[in-house]
Amino acid sequence: MRKHSRRPSGAYLNVDLEVRTTFDLKALVKALSRTIFNLHSGRVDGVHFSSFESPGCGSSPEDVIGVMVKAVEGLPRQARALWDRAADRVFEIGIEHARGAWREHSGVTVRKIRSRIKQKHQLAVFDDRK
């Protein structure tokens with residue numbers, strides 16, 4: 001029987017980019033999907049919602065957010081206008097959490113990440129605690 005290797009508590013898992021708006025996101029989804037993977041697009045709780053992930057989880061959240069920011073910066077004018085008008089643009093960092101333990105420091109360097117994202121973007125760090 002194989003032993004499963006486990007990441008330490010507080011290990012980085014992935015980054016999702018979530019966009020919420022009151023208007024249709026099809027043009028933005030089409031443009032962003034050229035470089036990052038669209039996980040879901042549709043209406044959720046009465047708003048238009050799209051979630052993206054970088055191909056491959058990347059070695060660090062800073063690297064993945066850098067890829068996502070580059071994708072946004074390279075958007076065509078119409079798609080960029082939709083991005084700029086979006087009410088909610090959140091980079092969500094997933095952190096693994098072992099049952100019964102919580103680490104205050106996960107290795108995620110928020111200062112480095114903040115230097116990659118502009119104002120009006122949100123950064124959310126989540127762990128997998130239930």
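The values are calculated or read from the model by the stated rules, or taken from the named source; none is laboratory data. No experiment lies behind these values; they were computed from the predicted model shown. Reconstructed Cβ throughout: ideal geometry from the backbone, glycine too, with neighbour counts over all protein chains shown. Areas reflect the complete protein model, heavy atoms only, side chains present, ligands, DNA and RNA absent. Shrake-Rupley method; radii C 1.70, N 1.55, O 1.52, S 1.80 Å.
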**Complete:** Over region 13-48, the set of residues part of a strand (DSSP E or B), among the hydrophobic types (A, V, I, L, M, F, W, C) and over 10 Å from ALA86 (Cα atoms) is LEU13, VAL15, LEU17, PHE37, LEU39, VAL44, VAL47
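Could you look through region 60-93, keep only residues that are in a strand (DSSP E or B), out of contact with any helix residue (DSSP H, G or I) (no Cβ under 9 Å at 6 or more places or on another chain) and not hydrophobic (A, V, I, L, M, F, W, C), and pick out the one that is modelled with the lowest pLDDT?
So the residue we want is GLU92.
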**Complete:** Picked from region 29-49 (must be hydrophobic (A, V, I, L, M, F, W, C) and open to solvent by less than 50 Å² (accessible area, probe 1.4 Å)), the residue farthest from LEU17 (Cα to Cα) is VAL47
**Message:** Any residue in region 38-65 that is on the phi < 0 side of the Ramachandran plot sitting within a Cβ distance under 6 Å of a residue that is polar (S, T, N, Q) and open to solvent by 50 Å² or more (accessible area, probe 1.4 Å)? List the pairs, counting only those 6 or more apart or interchain.
**Reply:** SER50/SER41
